[in-house]
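Worksheet: the structure to be examined is printed underneath.
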Amino acid sequence: MITHYCIIRDQNIVLDGKVIFSEKNSDLDAFLLNAYASLKVDYPKFYKMDNLSKLGFLAAEMLLKDRSLLNDYAPEQVALVLSNAHSSTDTDRRYTLSSRTAPSPALFVYTLPNIVAGEICIRHKIKGENAFFVAPAFDPALMADYTDMVMAGDTGASIGGWVDVLGGHYDVFLYLHEKNKAGLAEHTTGQLKELYNTTLWNS
């Protein structure tokens, strides 16, 4: 079952259908910093992350705001399956620009798309199956089928979804899938498509 989901889009952070953070008329960098400040967490490494990792970190942090959500599972029983369209292109471009003067080691370490997965795993002590797919658009069938395959084994929970950014455009949809718990929706292609395409929320 899908037990929780988080969307970051159009300067809104939405958790389970409700807007929990909104900030209009700010650029992406300001939005990310202010959203992080709203969490009131102490994780200084956030400031060193690229925008892709910041988006994934924020979505996972919102999704798992109740720290007890993963307490029923050993670290090896939690999986992470992510996807996006632009890989690490946003950071690759920034790194290329920095290389014209002095290449930035701080940017270089983020020139792989799965670094966002690593940041989430470190933060939440996830040690299970880990995968990152690059596709033209969010593919609910791929996400549903692959995650269900992973969950067929000893995995009890999985965080899955879409984390994409290029320039000022960003789109994030993460959800928590738990095998033996009641939830918001069945983990199916149709339900994932419907949740991802959510455009109106109740504040």
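The numbers here are math on the coordinates, done by the rules we state, and not lab data. Predicted model only: the values in this text are computed from it and were never measured. Cβ sites come from the backbone with ideal geometry, for glycine too, and all protein chains shown count toward neighbours.
Would you calculate, for the chain, the mean residue ellipticity at 222 nm contributed by helices, counting each DSSP H stretch of 4 or more residues as -39,500 (n - 2.57) and dividing by all residues, to the nearest 500? All intermediate terms of the calculation are to be shown ahead of the outcome.
Numbers: 7 runs with 70 residues, N = 203.
So the helix-based figure for the chain works out to -10000 deg cm²/dmol.
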#### Entry: Charge-dipole axis of the chain as Lys and Arg at +1 and Asp and Glu at -1 on Cβ define it, positive-most pick from Ala60, Gly153, Ser104
Ser104
### Summary
With a 30 Å threshold on alpha-carbon distance, the violating pairs from Lys125/Lys181; Lys125/Lys179; Lys18/Lys45; Lys45/Lys181; Lys127/Lys181; Lys40/Lys125 are Lys45/Lys181
#### Entry: Ranked Lys54, Lys40, criterion: other C-beta atoms within 10 Å, fewest first
Lys40, Lys54
#### Entry: Set of aspartates and glutamates near Lys48 by C-alpha distance (under 19 Å), chain-local residues within fewer than 8 positions excluded
Asp27, Asp29, Glu61, Asp90, Asp92, Glu119, Asp164
### Summary
The extension gain from Leu184 to Arg9, computed as 0.36 nm times the residue separation minus the Cα-Cα distance, is 60.9 nm
### Query
Candidates (i) 19.8, 59; (ii) 16.3, 54; (iii) 16.7, 58; which is the computed Rg and Dmax of the Cα atoms in Å?
(ii)
### Query
How far apart, in nm, are two points set 7 Å out from the Cα along the Cα-to-Cβ line at Ala131 and at Lys45?
2.5 nm
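Using Cβ contacts closer than 10 Å as the measure, can you line up Tyr110, Tyr170, Tyr47, Tyr5 from fewest to most?
Details: Tyr110 24, Tyr170 21, Tyr47 10, Tyr5 27.
Least crowded to most crowded, the residues run Tyr47, Tyr170, Tyr110, Tyr5.
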### Task
Find how many whole Å separate the alpha carbon centroid of region 59-114 from the alpha carbon centroid of region 131-166.
15 Å
